[in-house]
Amino acid sequence: MGRHQRAESLGLISFVCCALVGCGGMFLYLQLAPAFWQLSQRRFMACAAIVAACGVISFIVGYIHRMRLLDVQKGWIHTVRRIFEILALSIVYASTLFLMSYMLFSLVNSIMGKAIFTSYIPALTAAFAGVSGYLTFVQAELMNAKTLSALLPFFVIAGVSTASSTTTDPHWFRNNFSELGDRTTFAARMFNTTLILGGICIIIITYFAISELIATYRIVRPNGDIAIRQPNVSYKIPRFKVRITILTVMLVLSGVAFIGIGTFRYTPHPILHNVFARGMPVLMFIMLVALPWLAPQLSKAFFAISDLAIVVCALVGISWLMGNNTLTNVEALAAMLFLGWFIGFSRQIAAIEADRIQRQILAHQVINPAALDKMIDAEEQAGFSTVLTDMSSPMLANEAKNAIQSLAK
């Protein structure tokens with residue numbers, strides 16, 4: 001049984017286990033919870049919490065299982081990094097599953113009506129918990145940057161939609177987007193919590209994306225040592241450490257801006273709120289303009305899309321200044337474009353990762369290990385520092401091409 005089929009099979013087992021736990025947990029909650037916690041919104045919160053807990057536990061089990069199969073390194077630093085990854089990804093999945101589940105429970109309740117919906121709560125909780133357990137386990141087994149980036153839009157849309165649909169102010173959008181969170185109501189808390197958790201998710205995904213950019217730029221020497229590429233390799237990015245550091249700082253600050261907007265409401269903290277709210281577009285503009293220099297590994301098409309996002313935001317901003325638009329629309333569009341850009345950025349990183357893995361597999365399949373040392377000596381004399389992952393090296397690429405042709409014959 002291959003890796004993907006095994007992941008699907010274990011995911012089905014996780015589905016059954018989580019469904020049973022979800023049904024039993026919700027049944028006990030309905031029987032034992034006090035009347036205060038039987039109100040609709042609190043009941044939905046309990047349902048969503050059970051679904052999120054099942055999904056996170058399933059994810060942790062799947063991720064630990066995956067790490068046991070893939071990890072060959074030992075040591076306390078490696079262990080600490082894995083623990084950090086598990087905690088960080090658990091936050092992403094817990095927040096996403098909670099907000100998505102809450103939105104779905106509220107939607108089903110509005111369709112079916114409270115009287116009918118109450119009798120179906122255990123079954124629906126079991127279904128949502130089972131699905132979340134299945135998806136998180138499979139994704140943990142097959143985790144990559146695309147998986148993480150796909151979670152972000154669902155998470156943000158769920159939180160903002162729930163907040164806007166439950167707010168007590170039907171005219172919140174007339175002033176600015178932050179007006180939705182400028183209260184102490186449930187909807188405002190939901191909106192602010194979504195922004196805070198969204199910022200945390202951006203920081204976490206940034207960690208994985210930057211780690212892959214660094215991994216792609218590393219070389220593995222014949223003795224097993226890992227180092228950053230030097231000027232005498234097949235391709236070189238000048239000032240790589242400076243570029244990757246600046247990109248990391250700007251992405252992290254973008255996540256911090258989301259956290260700050262959600263943490264400091266405008267009414268009690270107008271200065272701090274405006275610093276984060278107005279600082280985010282500035283960060284976005286600088287980062288997108290400088291992107292070809294910060295991350296030249298990305299495609300030219302992505303650079304063009306980034307420039308297009310700047311132009312669209314500028315045109316909508318000018319329209320607002322002329323009185324033809326509302327600030328809410330400008331802020332909402334800027335946030336959506338940034339999230340869309342960030343998702344595209346993550347998928348670009350995932351594509352780079354997939355290409356790197358493909359090169360590694362191809363190199364191990366077609367290169368004769370006995371002749372590798374001689375090739376490395378020849379490459380060093382020619383001005384290259386060759387490794388199995390570096391298929392852009394002329395000599396190694398030519399050797400791979402000849403090996404493939406001989407296999408084809």
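Nothing in this text is a laboratory measurement; each read-out follows from the coordinates by a stated rule. Keep in mind the model is a prediction, meaning the values are calculated, not measured. With ideal geometry, Cβ positions are generated from the backbone for all residues, glycine too; neighbour counts draw on all protein chains shown.
Data overview
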| read-out | value |
| --- | --- |
| Where N is the number of residues in region 13-129, Cα Rg divided by 2.2 N^0.38 Å | 1.27 |
| Karplus-derived 3J(HN,Hα), 6.51/-1.76/1.60, for each residue of region 114-131, Hz, glycine and proline x | 4, 5, 6, 5, 4, 6, 9, 4, x, 5, 5, 4, 4, 5, 5, 5, x, 5 |
| Relative contact order for region 1-143, counting Cα pairs under 8 Å that sit 6 or more residues apart, in percent | 54 percent |
| Dipole magnitude of region 1-143, debye to nearest 20 (Cβ charges: Lys/Arg +1, Asp/Glu -1, about Cα centre) | 160 debye |
| Computed E for residue 278/residue 64 - FRET, C-beta separation, R0 51 angstrom, nearest 0.05 | 0.75 |
| Unit charges at the beta carbon, dipole of region 1-143: most positive-side option, 80, 58, 21 | 80 |
| Semi-axes of the equivalent ellipsoid for region 179-218, Cα gyration tensor, largest first, Å | 35, 6, 4 |
